[in-house]
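Rule-based calculations on the coordinates, nothing more; no lab input. Since this is a predicted model, take the numbers as computed values, not measurements. Heads up, the Cβs are rebuilt from the backbone with ideal geometry, glycines too, and the neighbour counts pull from every protein chain shown.
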Amino acid sequence: MRHCFINLVLGLLLSVGSGLTGKAQPIMEIDSLERVLAQAQDTTRVRTLFRLALMYQYSEPATAMQYIETSLSLAKMLQDDQGIGDGLLTRGRLKRGLGNYDEALEDITTSLSIYETIPDSSQMANALNDISIVYAMSGNDDKALEYFEETLRIFRSIGNSKGESQALNNIGIMHESAGRIAIAQDYLIRSLEIKIARKDTIDISRSYHNLGNITQKMGDLETALAYYQKAEELFRSTNDKYGLAGNLNAIAEFYYQKDKFQKARAHATEGLRVAQEIESPQLIKNASKTLVDISEKLRNYSAAFRYLQIHTAAKDSLFNENQASHLAELKAKFDNEKQASEIAMLKKDQQLQEAHIKRQELIEYVLIIGIFLLSLLLGIFIYAYRVNRRQKRLLSIQNREIQQQQHTLQELNRTKDRLFSIISHDIKGPLNTLQGFVALLSQQIDGMTLQEMKEMSTRISDSLGNLHQLLENLLTWSLSQLRQQRTTPECFSIHALAQNIVQLYEPTATEKKITILNRADREIEAWADRNAVHTVLRNLLANSIKFSHAHTTIEVRAKVQNEEVMVSVTDQGTGIDPEVVAKLFSLDKKTSGTGTANEQGSGFGLILCQELVKKNKGHLWVESEKGKGSTFTFTLPLAQYTSVREQKQAASLDESLAVKV
């Protein structure tokens with residue numbers, strides 16, 4: 001039930017809000033800023049709007065967003081780089097609070113580029129700190145910790161104690177998330193000491209909350225409650241609704257562990273109300289999940305169901321597939337740009353070093369002219385030339401290897417992100433369905449008829465079947481990508497293999513009133529990995545059944561053409577749009593659809609088929625017409641032709657050996 005990332009400290013721009021001790025002071029400052037705004041012009045108006053946005057960011061994020069959008073528009077019109085950077089950074093923070101991680105990362109990385117151009121080291125560190133928070137909140141802990149540590153180095157180098165305290169706090173939370181509790185506690189205490197010395201009330205309240213998390217995990221519940229109560233008092237005094245909502249939920253979890261469910265429910269309910277007031281999906285998700293657990297303990301299942309609906313809606317809004325894909329692209333872009341910048345610095349240092357070496361060689365050359373004979377000078381020059389040429393050759397080889405490695409890493413990153421997307425979104429559907437059916441079955445079984453139970457079990461079986469096929473395809477593909485799956489070619493009959501698969505899917509086809517005909521030539525034998533070809537045919541036939549209409553026919557054919565076996569699966573189904581055909585075999589494009597009986601798929605099976613066919617020295621393609629059906633065809637080496645070719649190669653080798661003897 002613990003959620004740490006909501007407590008990551010926001011690095012405040014300038015010094016607004018750093019010394020607030022009560023509600024009266026910010027109200028007075030807001031009134032003062034609004035009076036200034038009424039007469040402010042140009043960049044002064046930009047700065048005033050920006051400061052007003054900061055005053056509202058924790059208590060009324062919607063109002064803060066309005067101010068920052070106005071400030072940003074005016075800054076762009078005035079071509080005020082500092083104002084644009086500050087506006088983008090603050091807007092990114094507000095979007096992050098709303099769960100829009102991809103848009104947040106885009107705004108913050110843009111602000112970082114602006115600060116690098118100005119330049120502004122302090123704001124560069126602030127932007128990097130906020131980028132690290134986005135990485136942490138979207139689950140990339142290792143990369144987040146790396147960037148937080150870099151942020152800490154920058155803040156210390158420029159003497160920014162406020163930024164240093166925030167970076168220490170965030171590093172501590174990363175260690176807490178990784179289970180390194182003692183290390184996390186040390187970082188948080190060091191952070192709190194700096195905040196107390198600076199009298200940063202808002203930051204102190206967050207440190208108390210984080211220390212409450214740590215001490216609760218260490219089993220010291222009474223100390224944890226004391227920390228939470230100190231944090232709550234400060235959150236309420238500064239009207240920090242983000243912090244208050246998270247802290248109320250933490251206290252609710254504390255009472256939940258103590259089996260004081262009524263107190264837990266009261267705190268969690270208030271936490272949910274505050275989270276809904278500021279429209280924070282992350283805080284709503286956490287509070288509603290706590291209320292689900294509490295309601296179940298109190299046997300109030302209707303309330304549990306209601307809170308579960310709120311939890312699911314907040315969870316879905318946080319990280320949908322499009323946002324996940326966009327966020328992954330932005331992360332990769334930021335990482336690549338950062339890596340490119342580091343490589344450029346290394347190249348610059350290398351060029352300076354090479355220039356220094358050349359100057360030294362020139363000086364030596366001039367001195368040697370007056371000391372050594374012409375013959376000795378010529379020898380040294382030839383030697384230096386050869387060494388330099390060898391070094392250039394080695395450097396050229398190393399550069400090519402680095403470029404190749406970078407390309408390989410980028411491809412692996414894209415493959416990994418797409419694979420994670422498939423796993424997180426295509427497996428989630430069947431699992432959620434199964435979970436819902438099982439929960440309904442367990443709760444309503446006494447009131448169900450036999451027919452209803454049969455229907456429920458059939459739907460559970462269908463979901464399990466879809467999940468099993470997807471997992472089997474994922475396992476086969478991942479082994480192929482890791483080069484752990486080797487092809488073992490053998491001679492086998494295509495007709496016999498197809499017949500086995502037809503019998504496997506005949507019940508499914510019969511249920512949809514579809515006829516499957518095995519018209520493969522009985523005499524044709526292929527030379528390939530039997531298991532791989534079985535997987536390919538199984539996926540193609542399953543797809544044909546999925547997208548075929550009732551009372552239609554699916555045909556499996558095999559023939560010999562150009563000394564190859566050509567295997568095809570033809571259906572009379574829905575067909576495929578031409579623009580979709582071009583994307584069918586790309587891992588970067590999601591092309592799955594819904595079958596004629598509302599069957600769900602991931603579109604991953606065709607990618608696996610293409611991979612396996614390539615490994616068996618063949619190729620796969622599709623011919624389709626929308627509304628009239630599709631034909632998927634792949635080729636394999638012909639067993640008879642392969643055998644004859646191997647015999648010729650062996651005979652040629654024998655003749656060569658005989659000549660040598």
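Could you go through segment 273-287 in sequence order and give the Karplus-derived ³J(HN,Hα) for each residue, using 6.51 cos²θ - 1.76 cosθ + 1.60 with θ = phi - 60°, rounded to whole Hz, and x for Gly and Pro?
Whole-Hz 3J(HN,Hα) from phi for segment 273-287: 4, 5, 4, 5, 5, 9, 6, 9, x, 5, 5, 5, 4, 5, 5.
Test of understanding: ordering Ser442, Ser122 by Cβ neighbours within 10 Å, fewest first, what list do you get?
Least to most surrounded, the residues fall as Ser442, Ser122.
Could you work out the percent of alpha carbon pairs in segment 489-644 separated by over 28 Å, rounded to a whole number?
That fraction is 17 percent.
Of the peptides 35-41, 151-157, how do they stack up when ordered by the mean number of other Cβ atoms within 10 Å, highest first?
Per-residue Cβ counts within 10 Å, averaged per peptide and sorted highest first, yield 151-157, 35-41.
Could the peptides 214-226, 564-576 be put in order, highest first, of the mean number of other beta-carbon atoms found within 10 Å of their residues?
Descending mean neighbour count gives 564-576, 214-226.
Restrict the search to segment 480-586; then list the trypsin sites (Lys or Arg not before Pro) that DSSP places in a loop and that have at most 12 other Cβ atoms within 10 Å of their Cβ.
Arg483, Arg486, Lys513, Arg522
Just for the Cα atoms in segment 5-239, what are the lengths along the principal axes, largest first, rounded to whole Å?
Extents along the principal axes, in whole Å: 55, 38, 32.
Could you pull out the pairs from Lys513/Lys626; Lys512/Lys617; Lys217/Lys285 whose alpha carbons sit more than 28 Å apart here?
In this structure, Lys512/Lys617 exceed 28 Å between Cα atoms.
Can you compute the radius of gyration and Dmax for segment 160-272, using only the Cα atoms, both in Å?
Every Cα atom of segment 160-272 included, Rg and Dmax give 13.7, 45 Å.
Show me, for segment 512-524, the HN-Hα J-couplings you get by feeding each phi into the Karplus relation (A = 6.51, B = -1.76, C = 1.60, θ = phi - 60°), rounded to Hz, glycine and proline as x.
Each residue of segment 512-524 in turn: 8, 6, 10, 9, 10, 10, 9, 9, 5, 4, 5, 8, 7 Hz.
Once the principal axes of the Cα atoms of segment 507-580 are found, what is the range along each, listed largest first in whole angstroms?
The Cα atoms of segment 507-580 stretch 35, 33, 21 Å along the principal axes, largest first.
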